[in-house]
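K.L.:
Can you keep this structure in mind? I'll have questions shortly.
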Amino acid sequence: MPRKRILQIIPTLDRAGAEKQLLLLATGLPRDEFEVHVCVLTRLGPLWPEFQAAGIPVTVVG
């Protein structure tokens, strides 16, 4: 069965509550069942290296 694709959209990757929860969710989902991608609306932030290290693709659109 193909993996379910999930796109998470967030304003920035600052080190705040929503961003930390997104990192926990993105890294906590089973990789064999889910393909997670993060879309950042404005700019990267201090959490970006942690997404990068976890292999979570991040795209900035603004």
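K.L.:
Given Cα pairs under 8 Å that are at least 6 residues apart, what percent is the relative contact order of the chain? Kindly include the intermediate steps, with their values, before the conclusion.
P.N.:
Working: 99 pairs, mean separation 25.5, N = 62.
Relative CO of the chain lands at 41 percent.
K.L.:
Is there a quick way to get the dipole size of the chain? I mean about its Cα centre, with the Cβ of Lys and Arg at +1 and of Asp and Glu at -1; what is the value in debye to the nearest 20? Before the final figure, lay out each step's value.
P.N.:
Working: 7 positive and 6 negative charges, 15 e Å.
That gives a dipole near 80 debye.
K.L.:
Top mean-square fluctuation among 33, 19, 50, Gaussian network model of the chain, C-alpha springs under 10 Å?
P.N.:
It is 33.
K.L.:
With θ set to phi - 60°, apply the Karplus curve 6.51 cos²θ - 1.76 cosθ + 1.60 along region 27-40 and write out the HN-Hα couplings as whole Hz, x wherever there is a Gly or Pro.
P.N.:
Per residue, the Karplus-derived 3J(HN,Hα) values read 8, x, 6, x, 5, 6, 10, 10, 10, 9, 10, 10, 10, 9 Hz.
K.L.:
At q = 0.13, 0.16, 0.27 Å⁻¹, what log₁₀ I(q)/I(0) does the chain have when each alpha carbon counts as one equal point scatterer in the Debye sum?
P.N.:
-0.30, -0.45, -1.19
K.L.:
Still on this structure: Once Lys and Arg get +1 and Asp and Glu get -1 on their Cβ, which of 34, 44, 55 lies farthest toward the positive end of the dipole of region 11-62?
P.N.:
44
K.L.:
In whole Hz and in residue order, list the ³J(HN,Hα) couplings for region 5-21 that follow from phi through the Karplus curve 6.51 cos²θ - 1.76 cosθ + 1.60, θ = phi - 60°; x for Gly and Pro.
P.N.:
With coefficients 6.51, -1.76 and 1.60, one gets 9, 10, 10, 9, 10, 8, x, 8, 10, 5, 8, 10, x, 5, 5, 5, 5 Hz.
K.L.:
At 222 nm, what value in deg cm²/dmol follows for the chain if DSSP H runs of at least 4 each add -39500 (n - 2.57) and the sum is divided by all its residues, to the nearest 500?
P.N.:
Numbers: 2 runs with 18 residues, N = 62.
The helix-only estimate for the chain comes to -8000 deg cm²/dmol at 222 nm.
Read-outs throughout are calculated quantities, based only on the coordinates presented, and are distinct from any laboratory measurement. Just so it is clear, the structure is predicted and the values come from calculations on it, not from any experiment. With ideal geometry, Cβ positions are generated from the backbone for all residues, glycine too; neighbour counts draw on all protein chains shown.
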